[in-house]
Amino acid sequence: MDEFDNLITTMPWTCRFSDGCPVGWHTADYWVNEDGSYSIDNYADGDHDPCDKKDIPTGEEADNGWNEYAEYCAKTGLDPLDNYCPLYPLTRQGIWQVRFTKSILGAVFRGARRNSRGPWNLNPPEFVREYLLLEPVGTTEYFTYRGIDKDGSKIRELWGLVSTPMRTNASDGGRNALKFTCEIKEVIPPSDHAKQRAIKASARRDINSRKEAP
Ligand SMILES: [Zn+2]
């Protein structure tokens, strides 16, 4: 892209969905080329069209364009140009109670439940299965403990997971049972509502800071 050397300005614009895109907004890049001619890259995708110098937005026009975009984001909570506040996944540490029994197959998973409450879940969420190094038995819903991390290099001792050994009794499988609790980190993606609220707040801050700017 040597011939398009100098980006003058980037400006958002709305197609109002007329081009069939799902987002409604795009950024246009304005360039001055080596031979002194000007070009516009309407979708910032490398597809340049020649334009005149008078088509190049002034600083104020570009600012107004970004303001219009900010108003749109503040109103809708949408940010199709990813200009505001990317929310990173949240993690939380959960306490899970887990049980296994011993069999000729090795340690067989008998369920897990968050905060030691509720029914035992034989098919827990993936982050729990991954932490406990569970692997499915055939095509059934049952899991066994495989003891090897994904990359195959590390063997994790099942007994090493035990933080609070529980008393076992006959109903838990007696001496052949292991029941314990462990802390498992869980990644929680932000809800759509939380995302929209954060985008509205960032866009409003942006609008206000533009007003305050000299
Ligand atoms: Zn569009």
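Charge tally for Val187 (other residues, Cβ to Cβ under 12 Å; Lys, Arg +1; Asp, Glu -1): -1.
Each residue of the stretch 89-101 was assigned a 3J(HN,Hα) from its phi angle through the Karplus expression (A = 6.51, B = -1.76, C = 1.60, θ = phi - 60°), giving x, 8, 10, 9, 9, x, 9, 10, 9, 9, 9, 10, 10 Hz with x at Gly and Pro.
Where in the stretch 1-101 are there GluC sites (Glu not before Pro) that are in a DSSP coil and have at most 16 other Cβ atoms within 10 angstrom of their Cβ?
On the way: sites: Glu3, Glu34, Glu60, Glu61, Glu68, Glu71; in loops: Glu3, Glu34.
Of the GluC sites (Glu not before Pro), the ones in loops of the stretch 1-101 whose Cβ has at most 16 other Cβ atoms within 10 Å are Glu3, Glu34.
Sum up the charges of everything whose Cβ sits under 13 Å from the Cβ of Pro89, counting Lys and Arg as +1 and Asp and Glu as -1, but leave Pro89 out. Don't skip to the answer; put the middle values down first.
On the way: positive: Arg92, Lys185, Lys195; negative: Glu186.
Overall, the nearby charge balance is +2.
Every read-out reported here was derived from the displayed coordinates using simple, explicitly stated rules and does not represent laboratory data. Small disclaimer: the values here were computed from a predicted structure and weren't measured. Note: ideal-geometry Cβ built from the backbone for every residue, glycine included; neighbour counts use all protein chains shown.
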